Structures are given as C-alpha cells and as structure tokens.
1. Picking from 199, 109, which residue would you name as being in contact (Cβ under 8 Å) with a residue 40 or more places away in the chain, surrounded by fewer than 20 Cβ atoms within 10 Å (Cβ to Cβ) and either farther than 21 Å from residue 241 by Cβ or within 14 Å of the chain's Cα centre (by Cα) (or both)?
2. Would you confirm whether any residue within the stretch 192-207 is of a type in the set (S, T, N, Q), touching a Lys or Arg at 6+ places or on another chain (Cβ under 8 Å) and either within 13 Å of the ligand (Cβ to nearest atom) or at positive phi (or both)?
3. Picking from 319, 263, which residue would you name as being within 23 Å of residue 27 (Cα to Cα), modelled with pLDDT of 95 or more, touching a helix residue (DSSP H, G or I) at 6+ places or on another chain (Cβ under 9 Å) and of a type in the set (S, T, N, Q)?
4. Cβ contacts < 7 Å: first residue over 24 Å from residue 128 (Cα atoms), restricted to the stretch 220-247; second residue of a type in the set (Lys, Arg) and surrounded by 17 or more Cβ atoms within 10 Å (Cβ to Cβ), any location; separation 6+ or different chain. Result?
5. Yes or no: residue 148 among the charged types (D, E, K, R) and assigned to a loop (DSSP other than H, G, I, E, B)?
6. Consider residue 97 against the criteria (1) of a type in the set (Phe, Trp, Tyr); (2) within 16 Å of the ligand (Cβ to nearest atom); (3) within 20 Å of residue 209 (Cα to Cα); (4) touching a residue at least 40 places away in the same chain (Cβ under 8 Å): it satisfies all of them except one. Which criterion is unmet?
7. For the stretch 196-224: of the residues being assigned to a helix (DSSP H, G or I) and aliphatic (A, V, I, L, M), which is nearest to residue 163 (Cα to Cα)?
8. For the stretch 150-167: of the residues being within 17 Å of the chain's Cα centre (by Cα) and acidic (Asp, Glu), which is surrounded by the fewest Cβ atoms within 10 Å (Cβ to Cβ)?
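The values are calculated or read from the model by the stated rules, or taken from the named source; none is laboratory data. What you see is a predicted model, and the numbers here were worked out from it, not measured in a lab. Using ideal geometry, Cβ is built from the backbone for each residue, glycine included, and neighbour counts are taken over all protein chains shown.
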Amino acid sequence: MLRRPRRNRQSAAIRGMATETHLSAQHLIFPLFVLEGTHVRSEIKSLPGIFRFSPDELLREIEACMQLGITNFVVFPAVADHLKDQVATYSYAADNFYLQTAREIKKRFPECCLISDVAMDPYSSDGHDGLVENGEIVNDKTLPILAKMSVAQAEAGFDMLGPSDMMDGRVGVIRRALDEAGFSKTGILAYTAKYASAFYGPFRDALDSAPKSGDKKSYQMNPANRREALIEAELDTAEGADMLMVKPALHYLDVIQVLKQEQQLPIAAYHVSGECAMLLAACQNGWLDFERAMPETLLSIRRAGADVILTYFAKAFAQRYPGGI
Ligand code: PBG
C-alpha cells in the first residue's frame, strides 16, 4: 500500500498538523436573555444551564464571558405581557429596558460586539414577527416598524442588528433608515435562511413569545428547500447585509455549505435552542457524553462552512478550550 491515511492519524502531533477545521471563542456569538428587574437569574427549564438575567446580572455574565475570550453577544428581551401591543410600540420606546441595557453594556464593555434582535415577536401581543391584519402577517406595513426599532437599537449602541423576522425587503429598508439616521457603521447580521423549524421551542419558552394563533410558515422558510436560500442570500447581499445567517444549524448543514460556496459574505449559523436542548437532554440521561458531543457538534457546523456560530454552548466551550481546538 502506497497510501496509508492512518499515518496522518498516528499521534496527537501529526493529527494537529492535519487538522482542517479550527474553532475558538472568536468564532462564537453567545445568545443571552434579559428581563426587567434586579438580581434575577432564572433558569430556562427546557434549556438547562441557560438563564434569563436582569440587567445587573447580565453585565456580570458578560464580564465573566469576556474573561473567557468571548467577545460577541446577541441579546434577546423577555418583555412583560402588559407592554406588548399589536404594533410593537415598546420596541422603540424611550424607556425600553432592552435599549437601556444595551447602553450599559457598551459603556462597560466598549470592545465587545453587541448584536440585537430585530423582529416584532418579543413585543407583539400576537406573538408574530410581523404585523397581523385579519389573521394575515402583512409584509410592507411591518417594514417601517422594523426600521424604527432598528434606528432605536443603533442609537442604543448595538454594533450589529439582527433582523430575524423574514419579511421581504427588510434588510434594504433597515440599511437605508440606519444610513439616513447617521448610523452607517452599524452592521446587519441578516437572518437570511431562517426556517419554520420545530427547534425554536425552548427559545419561545424563554421569552414567552410563541404565536398566539397560527404558525410562522408564511414568512419563515420551508424546511424542504435549499435553492430558495440562495434567493434570500442574493437579496440580503444586494440590500446591504454584512453577514448572512442560516438557522437552525445542525439540521441545515447543507444550506450552510451551499451559501459558503456561492456567497462572498461571512456566513453565520444559529445552533438554536432546540438543537442544544436535544443534546443536553441526552447528556442528562447519561446517553451521550457532553464533553465529547459538544465540541464535535460545534466543529461540524464550522466544517460545513460557518465562519461564525451562535450557540448556547459558547461559554461551556470557552471554559473548556481557552486556546480553541
Ligand atoms: C424570533 C426569533 C426566534 C429565535 C430567534 N429569534 C424564534 C422564532 O422565530 O420563533 C429562535 C432562536 C432559538 O431557538 O434559539 N424573532
């Protein structure tokens, strides 16, 4: 045998040289949930080890993560029911605690990259990402609401905005609104190929943001489709997105791969709440070993082509692998 692939696997040193994919904290974005109050750390039942933090506790958590080398955070607000309405007014209200928290984070940690969520669902009494009229999620009337929310978030100091709503044309509308308001440096991490997935359950538990009626299939993508992701990617790129995201990650590795091959912008992948919960549940049962399954999972997403991974395991990874893998 002239070719023996095992020669390159025979020692840790040789395997190290032959490693094709690397992962370290700089590739990760840690999703965090914030709610109003003080001294609150409430664990999400369906996502053990992940908490909803009051702003004071959130600052502490971010500080701990920064010490581990995590520099990128996406923050989602859990909004009290009485603040929700049909048009998501609270999303750009002057006294909005989410925006105030962002100001505090950027004041304390100016070097971090702070990413927002742009969508109506956390603030909407209908629990949909867009405006609901006669049971229909209407596209074009949602856009000015998203633009207002975006400018308010840019004013609060977010470095990048994350439109997760899947309305048509929203990246362009947001880009123009930001530029007109003087925020040409604020970036857009577009949720480009976001699927109507069953794997968002724990996230909706965390925010109590499930739709009050119907589902999200008229705006989030059909899990059966891959080519359609290329249409979304071309539109988001043309409309001014800075990074393109695929969501979920593990069940859509082929979509990550094709976007990486076909597009020039950095590709992000959202390893979503349900995908993390599955692994945690199996580990709690003793059926899988978290220490091995967690890094293998994240590596698979990188190998498929993700430059950046949003994952609830970011802190766990950074704690175990300070120098990366
Ligand atoms: C909503 C939003 C969702 C997630 C991120 N932004 C849920 C949804 O679309 O219903 C899910 C993330 C996760 O499950 O971790 N704008």
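1. Details: 199 fails: surrounded by fewer than 20 Cβ atoms within 10 Å (Cβ to Cβ).
Testing whether each residue is in contact (Cβ under 8 Å) with a residue 40 or more places away in the chain, surrounded by fewer than 20 Cβ atoms within 10 Å (Cβ to Cβ) and either farther than 21 Å from residue 241 by Cβ or within 14 Å of the chain's Cα centre (by Cα) (or both) leaves just 109.
2. Of the residues in the stretch 192-207, the ones of a type in the set (S, T, N, Q) are 192, 197.
Narrowing further to those that are touching a Lys or Arg at 6+ places or on another chain (Cβ under 8 Å): 197.
Remaining after also requiring either within 13 Å of the ligand (Cβ to nearest atom) or at positive phi (or both): 197.
Within the stretch 192-207, one or more residues are of a type in the set (S, T, N, Q), touching a Lys or Arg at 6+ places or on another chain (Cβ under 8 Å) and either within 13 Å of the ligand (Cβ to nearest atom) or at positive phi (or both).
3. Numbers: 319 fails: touching a helix residue (DSSP H, G or I) at 6+ places or on another chain (Cβ under 9 Å).
Checking each option against the conditions leaves just 263.
4. 240/175
5. On the way: among the charged types (D, E, K, R): yes; assigned to a loop (DSSP other than H, G, I, E, B): no.
No.
6. (2)
7. Filtering the stretch 196-224 for residues assigned to a helix (DSSP H, G or I) gives 198-207.
Checking which are aliphatic (A, V, I, L, M) leaves us with 198, 206-207.
Numbers: 198: 20, 206: 19, 207: 17 Å.
Looking at residues that are assigned to a helix (DSSP H, G or I) and aliphatic (A, V, I, L, M), I get 207.
8. It comes out as 159.
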